[in-house]
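Structure first, then comments.
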Amino acid sequence: MSRSPRSPLVAGNWKMNLDRASARHLAAAVVAGRGAVGTVELVLCPPAVYLETVGDAIAGSGVALGAQNMADKPAGAFTGEIAPPMLLDLGCRYVILGHSERRALYGETDADVNAKTRAALAPGLVPIVCVGETLEEREQGRTADVVTTQVRGSLAGIPPAELARVVVAYEPVWAIGTGKVATPAQAQEVHGLVRGLLGGLADASTAAGIRILYGGSVKPDNAAALAAQADIDGALVGGASLKADDFLAIAQAFARD
Ligand code: PGA
């Protein structure tokens, strides 16, 4: 059980999976089981084309809607892109930014993530800003350096009052979709580092209120040990979020007594 003063958040990153009917069905199943997770805030992040379908399925349930990416501009000639106000218009409260797949496959830099984070905060979206080291970086002993650069770069110049609204997700790249979860101690070490960095970017009391999620092969059988760590305030769940029972079981692990 989590004893943190921060309210726990568990987000499902559906990535580029499902079709419209299965997205609607999965969202409805999460809503149906929502009572079992107490005060844990649930967020569903479907593919953008299914945001409206999922938004309809969760309307009035308390389950929140999130996007997986967005543009850093409010409108204009950016073919194929989706603007932050459009996400708000569809009922999104959250948006995942700087996921390692965006960074590795689509070349997003910390500067890009910083621009998107500001663009999300401006109209009132809550960004879930992802950071995390690769296996090679961890093996070279560079985890702290890499995460420090990503946190400072992605959140540079954001005033403390705005930073207070950000959610950070620590997702070691070597743990994403691999079945290799970071040990609770490995995760806590980085989460503690991130909270210290947030204190430096804002102040200690702001940092104490910011939720830091762990992501990377979170499953029902490893969630409780992660949830027991002082600075792990929830999870960003990929594969296991595609099964309502698994997603809800993970969320339950983060429920407070
Ligand atoms: P995973 O993905 O849970 O399938 O490892 C996590 C993520 O990429 O957010």
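The values are calculated or read from the model by the stated rules, or taken from the named source; none is laboratory data. Values in this document were obtained by computation on a predicted structure and should not be read as measured data. Heads up, the Cβs are rebuilt from the backbone with ideal geometry, glycines too, and the neighbour counts pull from every protein chain shown. For the accessible areas, the whole protein counts, side chains as well, though only heavy atoms, and no ligand, DNA or RNA atoms are used. Shrake-Rupley method; radii C 1.70, N 1.55, O 1.52, S 1.80 Å.
Looking across region 127-145 at every residue that is touching a residue at least 24 places away in the same chain (Cβ under 8 Å) and assigned to a loop (DSSP other than H, G, I, E, B), the one that is most open to solvent (accessible area, probe 1.4 Å) is identified as T134.
Of all residues in region 187-200, those that are without any contact (Cβ under 8 Å) to a residue 40 or more places away in the chain and of a type in the set (G, A, S) have Cβ atoms under 8 Å from Cβ atoms of residues that are part of a helix (DSSP H, G or I) and open to solvent by less than 30 Å² (accessible area, probe 1.4 Å), 6 or more apart or on another chain, in G196/A207; G199/T206; G199/A207.
Condition check ((1) in a loop (DSSP other than H, G, I, E, B); (2) on the phi > 0 side of the Ramachandran plot; (3) open to solvent by less than 30 Å² (accessible area, probe 1.4 Å)) across all residues:
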residue: G12; (1), (2), (3): no, no, yes
residue: L26; (1), (2), (3): no, no, yes
residue: A29; (1), (2), (3): no, no, no
residue: T39; (1), (2), (3): yes, no, no
residue: T53; (1), (2), (3): no, no, yes
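In region 204-232, the qualifying residues are those that are of a type in the set (A, V, I, L, M) and in a helix (DSSP H, G or I), and the one that is surrounded by the most Cβ atoms within 10 Å (Cβ to Cβ) is A227.
Within the group A104, A57, A83, A64, which residue is aliphatic (A, V, I, L, M) and surrounded by fewer than 18 Cβ atoms within 10 Å (Cβ to Cβ)? Exactly one of A104, A57, A83, A64 is aliphatic (A, V, I, L, M) and surrounded by fewer than 18 Cβ atoms within 10 Å (Cβ to Cβ), namely A104.
A185 passes every criterion in (1) open to solvent by 50 Å² or more (accessible area, probe 1.4 Å); (2) within 15 Å of the ligand (Cβ to nearest atom) apart from (2). For T178, the stated conditions hold: it is among the polar types (S, T, N, Q) and surrounded by fewer than 15 Cβ atoms within 10 Å (Cβ to Cβ). From the list L201, L242, L197, the one residue that fits, being open to solvent by 30 Å² or more (accessible area, probe 1.4 Å), away from the ligand (no atom under 16 Å from the Cβ) and touching a Leu at 6+ places or on another chain (Cβ under 9 Å), is L201.
Residues in region 146-203 that are part of a loop (DSSP other than H, G, I, E, B) and either acidic (D, E) or at pLDDT below 95 (or both): E171, I176, G177, T178, G179, K180, V181, A182, D203.
Annotation: of all residues in region 14-24 being among the aliphatic types (A, V, I, L, M) and surrounded by fewer than 14 Cβ atoms within 10 Å (Cβ to Cβ), the one that is farthest from the chain's Cα centre (by Cα) is A21. Selection of first residues in region 213-228 that are more than 10 Å from the ligand (Cβ to nearest atom) and of second residues that are at pLDDT 95 or above and not in a helix (DSSP H, G or I), restricted to Cβ pairs under 6 Å at least 6 apart or on distinct chains, gives the following pairs, ordered by first then second residue: L226/Y214; L226/I232; A227/F254.
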